[in-house]
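Reading through the structure tokens given below for one structure.
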């Protein structure tokens with residue numbers, strides 16, 4: 001996309017949702033960090049179901065360590081990979097206590113040193129908890145960037161720097177939230193709902209998905225094909241003879 005199209009792309013998403021944010025529920029940076037770690041290969045909704053009762057009692061790394069791995073496993077057993085995630089959360093909680101006095105570090109490098117924390121998780125925490133202009137690329141963001149032509153790339157490592165380069169102010173801080181929500185609710189994986197997309201005319205995806213029960217427009221090719229078929233059928237019908245047999249002459 002050209003720079004003016006990119007600006008218009010985000011302007012419309014911002015107009016549609018002026019204050020986007022993560023759908024993971026938390027009350028402080030530590031809970032957010034835990035929630036994002038738990039959300040790997042799981043939906044935000046499923047994480048919220050598990051963390052709602054958990055976060056009523058666990059608000060700090062020390063609370064989590066006191067809870068222990070066994071009880072944490074039981075609390076998050078409805079989430080995929082809960083055994084590994086429980087172990088990582090307990091270990092990272094202890095690391096936060098030992099290295100940062102129970103606080104959450106504010107650099108990507110320090111966050112990525114924690115168990116279970118990759119670049120995407122670090123970017124989400126930096127952006128959502130601390131207001132940094134980072135671009136977390138998950139499956140939704142990756143799909144939207146490639147489908148629309150906004151920032152195409154073969155993998156997340158190619159898409160992120162492109163977003164970093166092209167996203168203009170004043171949209172940089174909230175850009176990844178708009179892209180996630182757009183991918184989750186409109187530009188869906190199996191069937192994008194193009195008929196209600198606010199950036200449909202800027203999007204490179206073809207063919208656009210029609211609204212349910214909408215009849216496809218009759219194309220000139222299809223119309224001409226039908227006309228040729230009708231003409232052929234008419235031509236194949238036997239024509240009534242106009243000539244009449246002449247009476248034989250009397251001799």
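The values are calculated or read from the model by the stated rules, or taken from the named source; none is laboratory data. Because the structure is a prediction, the values reported are computed rather than measured. Please note: Cβ atoms are built from the backbone with ideal geometry, for glycine as well, and neighbour counts cover all protein chains shown.
Looking at this structure, is residue 34 in the same structural domain as residue 125 (by TED's automatic domain parsing) and under 20 Å from residue 140 (Cα atoms)? Here the answer is no, as residue 34 does not meet what is asked.
The condition of being crowded, with 17+ Cβ neighbours inside 10 Å, assigned to a loop (DSSP other than H, G, I, E, B), at negative phi and in contact (Cβ under 8 Å) with a residue 40 or more places away in the chain holds for only one of 202, 181, that being 202.
Conditions (1) surrounded by 15 or more Cβ atoms within 10 Å (Cβ to Cβ); (2) not assigned by TED's automatic domain parsing to the domain that holds residue 208, marked per residue:
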| residue | (1), (2) |
| --- | --- |
| 86 | yes, yes |
| 90 | yes, yes |
| 96 | yes, yes |
| 99 | no, yes |
| 104 | yes, yes |
| 145 | yes, no |
| 152 | yes, no |
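The rows are residues; the columns are (1) over 24 Å from residue 120 (Cβ atoms); (2) surrounded by 21 or more Cβ atoms within 10 Å (Cβ to Cβ); (3) outside the structural domain of residue 150 (by TED's automatic domain parsing); (4) over 20 Å from the mean Cα position of the chain (by Cα).
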site: 8; (1), (2), (3), (4): yes, no, yes, no
site: 14; (1), (2), (3), (4): no, no, yes, no
site: 46; (1), (2), (3), (4): no, no, yes, no
site: 52; (1), (2), (3), (4): no, no, yes, yes
site: 109; (1), (2), (3), (4): no, no, yes, yes
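Per the listing 158, 113, the residue uniquely surrounded by fewer than 18 Cβ atoms within 10 Å (Cβ to Cβ), at pLDDT 95 or above and not assigned by TED's automatic domain parsing to the domain that holds residue 186 is 113.
Taking the criterion of being touching a residue at least 12 places away in the same chain (Cβ under 8 Å) and in a helix (DSSP H, G or I), the residues of the range 144-159 that qualify are 144, 145, 146, 147, 148, 156, 159. Would you say residue 99 is over 23 Å from the mean Cα position of the chain (by Cα), in a helix (DSSP H, G or I) and under 21 Å from residue 122 (Cβ atoms)? Yes; evaluated as a whole, the condition is true for this residue.
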